[in-house]
Every structure is written in C-alpha cells, then in structure tokens.
C-alpha cells in the first residue's frame, strides 16, 4: 500500500473540536510534527477534512 507523509503546518487553535480530534487521531499534536501513514481510505478521508492545516507528500520507496 502507498504511504503518505503528513505534516501539521497550521495551528489547530480556534478550530472546531472535531478538527482537533481528527488531528489527534492522525497523531499530529504540535505544529511541524510529521507522520508517515498508509494511504487507506479512512486516513485519506481524515486528511481531506483537515487538509487546510496539513502538508501532504507521497513517500517514494
């Protein structure tokens, strides 16, 4: 399965609680924190909901 690298680039302060919980579920707690996750439909749906706060890159290899 493909992997993607997601980085939190904007602060979740003053965002709805639902978006904060989505970031927590993705494992992104602090600004500039990065995770590599598999690109499952569930993860891609979460990324789509908070894509205005994230930077997403495809991992090659």
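Below, the figures for the structure above:
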{"quantity": "Failed criterion for residue 25 (all others in (1) in contact with a helix residue (DSSP H, G or I) (Cβ under 7 Å, 6 or more places away or on another chain); (2) assigned to a loop (DSSP other than H, G, I, E, B) hold)", "calculated": "(2)"}
{"quantity": "Count of residues meeting criterion [touching a strand residue (DSSP E or B) at 6+ places or on another chain (Cβ under 9 Å) and assigned to a loop (DSSP other than H, G, I, E, B)] in segment 33-49", "calculated": "2"}
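Quick note: the coordinates plus some simple rules give every number you see, no bench work behind them. In this text the structure is predicted, and so the values were computed from the model without any measurement. We place every Cβ from the backbone using ideal geometry, glycine too, and count neighbours over all the protein chains shown.
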